[in-house]
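Chemist: The structure follows.
The values are calculated or read from the model by the stated rules, or taken from the named source; none is laboratory data. Keep in mind it's a predicted model, so treat the numbers as computed, not measured. Using ideal geometry, Cβ is built from the backbone for each residue, glycine included, and neighbour counts are taken over all protein chains shown. Only protein heavy atoms, including side chains, enter the accessible area calculation; ligands, DNA and RNA are left aside. Shrake-Rupley method; radii C 1.70, N 1.55, O 1.52, S 1.80 Å.
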Amino acid sequence: MAGSRRRKLDHDHLLDSPSSRRLKFSAAAQSHSTAPLMLLENLPEELLHKVISQLTVKEAGRTSILSSRWRGRWMYHSKLCFDRGSELAGYGPARFVDHITTVLQRHSRLVVDRFEVRSSAALGKQHADHLDMWFGFATASKAKHVVLDLSPPKYIDRIVANDRRYKLPADQLVNNAGSCNSSIVSLFLGHMCLELPSHGFHGFKTLRKLDLKYVADVGDLTLFLSNCPALEWLGIILSSIPHLVVPKTSCCLRYLRVYRSGLKSIELHAASLKTFEYVGMPFLPIKINHSVKLSQANIKLDWLRDTVGYFWVQLSRSLSHVDRLHLSLSMDTKKTRLVKNPTKFIHLRHLVLFCTIFETPKSALGVLRLTQVLVAAPQLEHFALHMNNISPEPYLLKTTDCIHPHVHHQLKTVYMIGVFGLLGQLELAKYILQSADALELMIVSLGNMAYPDPDVPSQPNHAYFLELEKFAKGYLDPQGEYNHFLKIVGLN
């Protein structure tokens, strides 16, 4: 170029500045190279498009000052992501809203693949006109991946009603004929109210993934789900839905997650469901019908009382086909009776069990109830048990002779974490040693708490655990016959 034309990049923001600054080019860079220099304005069209696609919207907008070929290229950006938690950090609600609205007004509305708004600002129904326009832009531009997350910066882990929440109207989801307005493949809605379409709704035929987080007033999802035949992923997190019924038409659904959403019942007819995750209270009935493909489940029962019985009565039948199970429950060691005719987990090979133990057990039979899970899983190969005592007291190191071994031919690896000397813990370990004839590795990890509260300082009694370690070795393997695979790990 004749004379080095200096241009300066605007380091502030894309459209907030009334005048564009110019990017500085170094003439020295050209003088040090003997090879022809490819100037930015001479880039091939395909490469130029690729460069723009790798930039954020804000960065792409700054390229308009490079040359006439770059001017306005940002208006065809396919990934419109506005995140107040990262690139747009420091923007107040008003500036954040104006920035997005201005960008969308100038965008071409062509080739939009991803449209995301993640705002930690207090956006609610007072911004309804803007929010309606943003979602309308996403559907009109046929964006495939849409995120409208208005969640506050700090979540309260419970459902909170808020009259100031934005309400996404039904007419934003469908057109006048009841058909879906867009080609949305994945949809994430956070911290809003959702008005679902009623009769005449023909559905999102292309929707594969739906996440609802802090979404209120959803009502009955059944009609909506029945008209989303391609749905593969459904996540419901802290959203107010009274009943969840997944119909038979959801034949493609493979993953379902329900997290503390105040449900009264769950009924699933998804024949292709492979993974089910549930975190919540152990009161609601959960029915999983036609679940022969269900291979993995992650269940956490939030309740400060015994939930072992609920697991056997309400959940076990629905989970009988799983290959992998992560289960978190609580145990009242005053209860010592085993469940009659327990469900058999004929395919279960991997079990991770988190068990909170209440009180200090007066009998080893309370903890030994866990042997029923092992007996019910004849194909179990890997077992990890994390134990925690919610009200620890000084322990007396003693054991009782109440073990009745049951042969386990497949069990190969066992991890017992959080063994702190309660009655029944070492008996459970010895039951496994005497029952598993194919055992290759067993680790017994001593500790006061398996997953301590980080806000509560813990002062372990090292002298006690040294004594416990010696006691455990003498009880579990007095003759050293298991020392080639048994490892007892004390405090570091």
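Chemist: Can you name every residue in the range 345-362 that is in a loop (DSSP other than H, G, I, E, B) and surrounded by 15 or more Cβ atoms within 10 Å (Cβ to Cβ)?
Modeler: Kept after step one, since they are in a loop (DSSP other than H, G, I, E, B), are these residues of the range 345-362: 345-349, 359-362.
Scanning the range 345-362 gives Phe345, His347, Leu348, Arg349, Glu359, Thr360, Pro361.
Chemist: Further question: For the range 233-242, check the following and say yes or no: at least one residue is in a loop (DSSP other than H, G, I, E, B) and out of contact with any Asp or Glu (no Cβ under 9 Å at 6 or more places or on another chain).
Modeler: yes
Chemist: Would you point out the residue of the range 411-464, among those that are modelled with pLDDT under 90 and more than 25 Å from Ser330 (Cβ to Cβ), that is nearest to the chain's Cα centre (by Cα)? Give the derivation first.
Modeler: Of the range 411-464, the ones modelled with pLDDT under 90 are 420-423, 447-464.
Retained after the next criterion (residues that are more than 25 Å from Ser330 (Cβ to Cβ)): 462-463.
Details: His462: 37, Ala463: 40 Å.
It comes out as His462.
Chemist: (1) at pLDDT 90 or above; (2) touching a Cys at 6+ places or on another chain (Cβ under 6 Å): which one isn't true of Arg257, the others all being true?
Modeler: Just one mismatch for Arg257, condition (2).
Chemist: Can I ask one more? Collect the residues in the range 312-325 that are outside any loop (DSSP other than H, G, I, E, B) and either open to solvent by 10 Å² or more (accessible area, probe 1.4 Å) or without any contact (Cβ under 8 Å) to a residue 24 or more places away in the chain (or both), keeping them in residue-number order. Give the steps one after another, and end with the answer.
Modeler: As a first pass, look at the range 312-325 and keep what is outside any loop (DSSP other than H, G, I, E, B): 312-315, 324-325.
Hits for the range 312-325 are Trp312, Val313, Gln314, Arg324.
Chemist: Quick one: which of Glu116, Glu87 is touching a Cys at 6+ places or on another chain (Cβ under 9 Å) and modelled with pLDDT of 85 or more?
Modeler: On the way: Glu87 fails: modelled with pLDDT of 85 or more.
Of Glu116, Glu87, the one residue that is touching a Cys at 6+ places or on another chain (Cβ under 9 Å) and modelled with pLDDT of 85 or more is Glu116.
Chemist: Inspect all residues belonging to the range 212-229 and state whether any of them is β-branched (Val, Ile, Thr) and modelled with pLDDT under 85. Full working, then the answer.
Modeler: Step one: filter the range 212-229 for residues β-branched (Val, Ile, Thr), giving 215, 218, 222.
Now restrict to residues that are modelled with pLDDT under 85: 218.
Yes, that holds for at least one residue.
Chemist: If I ask for residues that are assigned to a strand (DSSP E or B) and open to solvent by 10 Å² or more (accessible area, probe 1.4 Å), which ones from the range 266-277 would you list?
Modeler: Going residue by residue through the range 266-277, those that are assigned to a strand (DSSP E or B) are 266-268, 275-277.
Within the range 266-277, Glu267, Thr275, Glu277 qualify.
Chemist: Just to verify a result, which residue in the range 285-302, among those that are in contact with a helix residue (DSSP H, G or I) (Cβ under 8 Å, 6 or more places away or on another chain) and surrounded by 15 or more Cβ atoms within 10 Å (Cβ to Cβ), is farthest from Thr360 (Cα to Cα)? Show your work before the answer.
Modeler: Step one: list which residues in the range 285-302 are in contact with a helix residue (DSSP H, G or I) (Cβ under 8 Å, 6 or more places away or on another chain), which gives 285-286, 299, 301.
Subset that is surrounded by 15 or more Cβ atoms within 10 Å (Cβ to Cβ): 286, 299, 301.
Values: Ile286: 31, Ile299: 25, Leu301: 21 Å.
Only one residue fits best here, namely Ile286.
Chemist: May I ask you to list the residues in the range 366-389 that are under 15 Å from Gly421 (Cα atoms), open to solvent by 10 Å² or more (accessible area, probe 1.4 Å) and of a type outside the set (A, V, I, L, M, F, W, C)?
Modeler: His386, Asn388 - these are the residues of the range 366-389 that are under 15 Å from Gly421 (Cα atoms), open to solvent by 10 Å² or more (accessible area, probe 1.4 Å) and of a type outside the set (A, V, I, L, M, F, W, C).
Chemist: Still on this structure, please answer the following. Tyr415 is checked against (1) in contact with a strand residue (DSSP E or B) (Cβ under 8 Å, 6 or more places away or on another chain); (2) more than 24 Å from Glu440 (Cα to Cα) and fails just one. What number does that condition carry?
Modeler: For Tyr415, the exception is condition (2).
Chemist: State all residues of the range 247-264 that are within 24 Å of His191 (Cβ to Cβ) and under 21 Å from the mean Cα position of the chain (by Cα); if no residue qualifies, say none.
Modeler: Passing the criteria: Tyr255, Leu256, Arg257, Val258, Tyr259, Arg260, Ser261, Gly262, Leu263.
Chemist: Could you list all residues from the range 405-441 that are touching a helix residue (DSSP H, G or I) at 6+ places or on another chain (Cβ under 9 Å), over 28 Å from Glu467 (Cβ atoms) and part of a loop (DSSP other than H, G, I, E, B)?
Modeler: If the condition is that a residue be touching a helix residue (DSSP H, G or I) at 6+ places or on another chain (Cβ under 9 Å), over 28 Å from Glu467 (Cβ atoms) and part of a loop (DSSP other than H, G, I, E, B), then His406, Val407, Leu411 are the ones that fit.
Chemist: Here is a follow-up. Looking only at the range 248-265, which residues are in a loop (DSSP other than H, G, I, E, B), without any contact (Cβ under 8 Å) to a residue 60 or more places away in the chain and open to solvent by less than 20 Å² (accessible area, probe 1.4 Å)? Steps first, please.
Modeler: First, pick out the residues of the range 248-265 that are in a loop (DSSP other than H, G, I, E, B): 248-254, 260-264.
Add one more test, that the residue is without any contact (Cβ under 8 Å) to a residue 60 or more places away in the chain, and what stays is 248-254, 263-264.
Selection gives Ser250, Leu253.
Chemist: Let me ask something else about it. For Ser328, state whether it is part of a strand (DSSP E or B) and surrounded by fewer than 22 Cβ atoms within 10 Å (Cβ to Cβ).
Modeler: On the way: part of a strand (DSSP E or B): yes; surrounded by fewer than 22 Cβ atoms within 10 Å (Cβ to Cβ): yes.
Against the criterion (part of a strand (DSSP E or B) and surrounded by fewer than 22 Cβ atoms within 10 Å (Cβ to Cβ)), Ser328 qualifies.
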